[in-house]
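The values are calculated or read from the model by the stated rules, or taken from the named source; none is laboratory data. A quick note: this is a predicted structure, and the numbers were derived from the prediction, not measured. Here the Cβ positions follow ideal geometry from the backbone for every residue, glycine too, while neighbour counts run over all protein chains shown.
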Amino acid sequence: MTGKLYGVSVGPGDPELITLKGLKAIQSADVVAFPAGKNGKPGMAESIAQTYLQPHQEKLPLELPYVQDPDALTTAWAVATDQLYEHLSRDRRVVFISEGDVSFYSTFTYLMLTLRARDTAIEIQTIPGVCSPLAAAAELGLPLTIWAEKLAVLPLLHNLAELETALDWAETVVLMKVNRYYPQVWQILRSRQLLQNSSVVVRATSNQQKIYADLTNLADLSLSYFSVLIVRRSQQWFNSS
């Protein structure tokens, strides 16, 4: 096995947020793999990086469903691993591009683990990038944390008690994939008088970005999958600056 796999982070939406190291890896690759889009449309990672792809490169869309079914996911990872392995075994440089950061709730992690379980000799390098909470905070002009503040990131709410607990101990709480539970989350934030301290950024840094900086009168927001909600319990930093 002489091929090499790179997991490259392409950021949350703005192509200029790809790191120089990530860009060099993308442009020097023989094969660029990415999660396939839906209904024949480019996926998010492909859309972000497409400006930098070279005509001679082979594009490899991988069918990686957005579901919670462990059996379906395991099957999809195995099929995708077979596709990647075929190219790696032919001494090809393969890049898998992922929106956000490849080590932050990324599909790449599962592909990497599946590949290593199959062949421990595979050389894999991950290249970090900008994840959506960092991008959302930047777009809002907020620090995620300062001094000794604690940060909680909830990737998916399995029950609302998780949010209540996080709000009890963390000064900043980030909710990803909040679209399904937004009405219930809004009610909790209202009960704690935190609506003015809460913001939502949809598709951060992309040309489809939307910002809702105060949720007080926004109980009925319809949000997309790529939405991040940030709650800063304390406004002390702003009051003292």
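Structure notes:
- Checked against the criteria, THR216 does not count as β-branched (Val, Ile, Thr), more than 16 Å from the chain's Cα centre (by Cα) and at pLDDT below 95.
- Filter result for ARG192 (modelled with pLDDT of 95 or more, of a type in the set (Lys, Arg) and at positive phi): no
- Among residues of the range 145-173, those that are touching a Pro at 6+ places or on another chain (Cβ under 9 Å) and either under 17 Å from LEU221 (Cβ atoms) or polar (S, T, N, Q) (or both), counted: 1
- Of all the listed residues (LEU157, LEU140), the sole one being surrounded by 16 or more Cβ atoms within 10 Å (Cβ to Cβ), touching a residue at least 24 places away in the same chain (Cβ under 8 Å), under 24 Å from SER191 (Cβ atoms) and in contact with a strand residue (DSSP E or B) (Cβ under 6 Å, 6 or more places away or on another chain) is LEU140.
- Candidates are the residues of the range 196-213 that are of a type in the set (Ser, Thr, Tyr) and under 17 Å from VAL185 (Cβ atoms); the one that is nearest to the chain's Cα centre (by Cα) is SER199.
- Residue in the range 211-228 that is closer than 23 Å to GLY129 by Cβ, surrounded by fewer than 16 Cβ atoms within 10 Å (Cβ to Cβ) and either in contact with a Ser or Thr (Cβ under 9 Å, 6 or more places away or on another chain) or β-branched (Val, Ile, Thr) (or both) present: yes
- Test: GLU149 is acidic (Asp, Glu), under 30 Å from TYR6 (Cα atoms) and out of contact with any helix residue (DSSP H, G or I) (no Cβ under 7 Å at 6 or more places or on another chain): no
- The one condition from (1) more than 14 Å from ALA137 (Cα to Cα); (2) touching a residue at least 60 places away in the same chain (Cβ under 8 Å) that ALA204 does not meet is (1).
- Put simply, of ARG203, ARG190 the only residue that is charged (D, E, K, R) and in contact with a strand residue (DSSP E or B) (Cβ under 9 Å, 6 or more places away or on another chain) is ARG203.
- Exclusive hit being closer than 24 Å to CYS131 by Cβ, among the charged types (D, E, K, R) and buried (at least 17 other Cβ atoms within 10 Å of the Cβ), set ARG203, ARG180: ARG203
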